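Asks: Take this structure, written in structure tokens, and hold onto it; I'll ask about it next.
The values are calculated or read from the model by the stated rules, or taken from the named source; none is laboratory data. In this text the structure is predicted, and so the values were computed from the model without any measurement. With ideal geometry, Cβ positions are generated from the backbone for all residues, glycine too; neighbour counts draw on all protein chains shown.
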Amino acid sequence: MSLPYIQANTNGRLHAADEPSIAPLNRGFLYGDAIYEVWRTQAGVIFTWEEHWARLERSARALYLELPLPAGQMLAEIRRTAAAYRAHTAYAGELYIRLQVTRGGGPIGLDTALADRPDFVLLVQPCPTVAAEKLRDGLRLSLATALRRNPVDALSPAWKTGNYLNNILCLREARARGADEVVILNQRGEVTEAAVSNIAFVRDGVVITPPLAAGILGGITRALVVHTIAPAAGVVAREEAVRPADFAGMQECFLLSTTKDVGPVAAIDGTPFAVGESTVTARLKAAFADYARRYATDHAAWRV
């Protein structure tokens, strides 16, 4: 099966993403010794460039990993890669931009001192969209029962690393039951997040989202909604531990991520949630779209 064209940039070399680009001894391949970030464009502008870069730097510090380029030079590489993608495909829509940084290659062995130099790979493709019927009817989630989220004091989910086996296996369980996404619990039985999204609920008009201490990624979209968009829309948002027993008392649920921004949820297993134009979720999604439009106007210098 042929894949749609994806533009890659490996350490400055532009090429099709289905061509080999890293050595088999690369530690990202061997051990998941890597970090990454994903941006999307809004009206052609890289959205929340600085916030994602700051999180990349935090992940790098946590893993004692050196970034191969400073922000300005990496932004220039992103522009080159996006331009090459548009030239190859004539695609003019919104882009998905993924940057992965590995510790590099070297002799086989876990010792980080064996790594030679950090490598980067950029990938650019169209930004994925949530199907219209899913936006209208809501996503369906299922609770992972076989596995829990890896603990903060083991491999912290706050680090956006190249190791996603925990998420992959939890999502596999939910997909086997026909769900679109998974809800993962921590060791205390509290809700953390979905496989690739933060999660939030609405109870009596108030947005409730698990705290960072539950063991979640500090999502850029989550922070925007909780601290900026919800207050501006007149919606109270707060962090609070949530357990499956609390689902029945929630009227709405939604996912938060870079690519889907605010994604309405219709049900978690047998617990239904309200979806539609009159919901708080719909209000926040509309407010997010307004914010993104203003952001694109105010940050035209980050257009790609």
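Asks: For residue 236, are the conditions met, namely being more than 21 Å from residue 151 (Cα to Cα), in the same structural domain as residue 145 (by TED's automatic domain parsing) and surrounded by 17 or more Cβ atoms within 10 Å (Cβ to Cβ)?
Replies: Judged against the criteria, residue 236 is not a match.
Rundown of residues vs (1) modelled with pLDDT under 95; (2) more than 30 Å from residue 290 (Cβ to Cβ), yes/no style:
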site	(1), (2)
7	no, yes
23	yes, yes
38	no, no
56	no, no
64	no, yes
67	no, yes
86	no, no
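Asks: Select from segment 75-121 the residues that are among the polar types (S, T, N, Q) and over 21 Å from the mean Cα position of the chain (by Cα) and write down the one among them that is nearest to residue 39 (Cα to Cα).
Replies: Ranking the candidates gives 89 first.
Asks: Okay, moving on. Within segment 165-186, is there a residue that is over 22 Å from residue 282 (Cα atoms), β-branched (Val, Ile, Thr), outside the structural domain of residue 97 (by TED's automatic domain parsing) and surrounded by fewer than 21 Cβ atoms within 10 Å (Cβ to Cβ)?
Replies: Looking through segment 165-186, at least one residue is over 22 Å from residue 282 (Cα atoms), β-branched (Val, Ile, Thr), outside the structural domain of residue 97 (by TED's automatic domain parsing) and surrounded by fewer than 21 Cβ atoms within 10 Å (Cβ to Cβ).
Asks: Test residue 61 against the criterion of being in a strand (DSSP E or B) and of a type outside the set (Ser, Thr, Tyr), and give yes or no.
Replies: For residue 61, the condition - in a strand (DSSP E or B) and of a type outside the set (Ser, Thr, Tyr) - is not met.
Asks: Can you name every residue in segment 252-302 that is in contact with a helix residue (DSSP H, G or I) (Cβ under 8 Å, 6 or more places away or on another chain) and charged (D, E, K, R)?
Replies: 252, 261
Asks: On to the next question. Having 2 or more residues that are modelled with pLDDT of 95 or more is the bar; report the helices (runs of 4 or more DSSP H) wholly within segment 130-248 that clear it. Quick ask: steps written out before the conclusion?
Replies: Details: elements: 132-137, 165-176, 220-224.
In segment 130-248, 165-176, 220-224 are the helices (runs of 4 or more DSSP H) which contain 2 or more residues that are modelled with pLDDT of 95 or more.
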